[in-house]
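Please read the structure below before turning to the comments.
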């Protein structure tokens, strides 16, 4: 079982909707589970098309950061993720750039073309090539049928390399550092 950071209220444990894994039950984890349930039961994805708890680890200026991606989403037969979903309480606009960075570096073979940022009540769908907000609201998250329609238009760019990759990793490191529980 994963350990919860000390700043979260822990209710016990729960079973992950996608994998069945036992997880620490926090308010944030309940929201993550609601997102997974919504992706399957409302938007029509198969559980096998969802990859929970993806992450990217960075180390810059002695600052280690683990950037979490709640869900990577693929379609059967595609063989690659076309969308990531990042969750965080509060403002969505402040999370846009780090979600784009994560989509650009999560996979080593290609850049993921779409990202969603959500606080569990609202969402934004982002084009990770242009950085443009394509749609807002929880219904901005593409249904499985809509995703299949969108595939022909999506650009799976070559992976960011060299200084471009480092720049995206630095953005993740800076945006995702957690300072709330540090001793002063």
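Taking each residue of segment 35-56 that is at positive phi and looking for partners that are assigned to a helix (DSSP H, G or I) with beta-carbon atoms closer than 7 Å, six or more apart or interchain, yields 44/144; 44/145.
Scoring residue 142 on the criteria (1) surrounded by 13 or more Cβ atoms within 10 Å (Cβ to Cβ); (2) out of contact with any strand residue (DSSP E or B) (no Cβ under 6 Å at 6 or more places or on another chain); (3) farther than 18 Å from residue 45 by Cα leaves a single failure, condition (3).
Among the residues making up segment 97-116, a single one is in contact with a strand residue (DSSP E or B) (Cβ under 9 Å, 6 or more places away or on another chain), surrounded by fewer than 20 Cβ atoms within 10 Å (Cβ to Cβ) and farther than 16 Å from residue 66 by Cα: 110. Every test in (1) closer than 23 Å to residue 165 by Cα; (2) more than 11 Å from the chain's Cα centre (by Cα) is passed by residue 70 save one, and that test is (2). Residue 45 satisfies every condition listed in (1) in contact with a strand residue (DSSP E or B) (Cβ under 7 Å, 6 or more places away or on another chain); (2) at pLDDT below 95 except (2).
Screening segment 1-109 for strands (runs of 3 or more DSSP E) wholly inside it with 3 or more residues that are more than 24 Å from residue 149 (Cβ to Cβ) returns the ranges 12-15, 22-25, 50-60, 63-74.
The values are calculated or read from the model by the stated rules, or taken from the named source; none is laboratory data. Because the structure is predicted, anything quoted here is derived from the model rather than measured. So basically every Cβ, Gly included, is an ideal-geometry build from the backbone, and we count neighbours across all protein chains shown.
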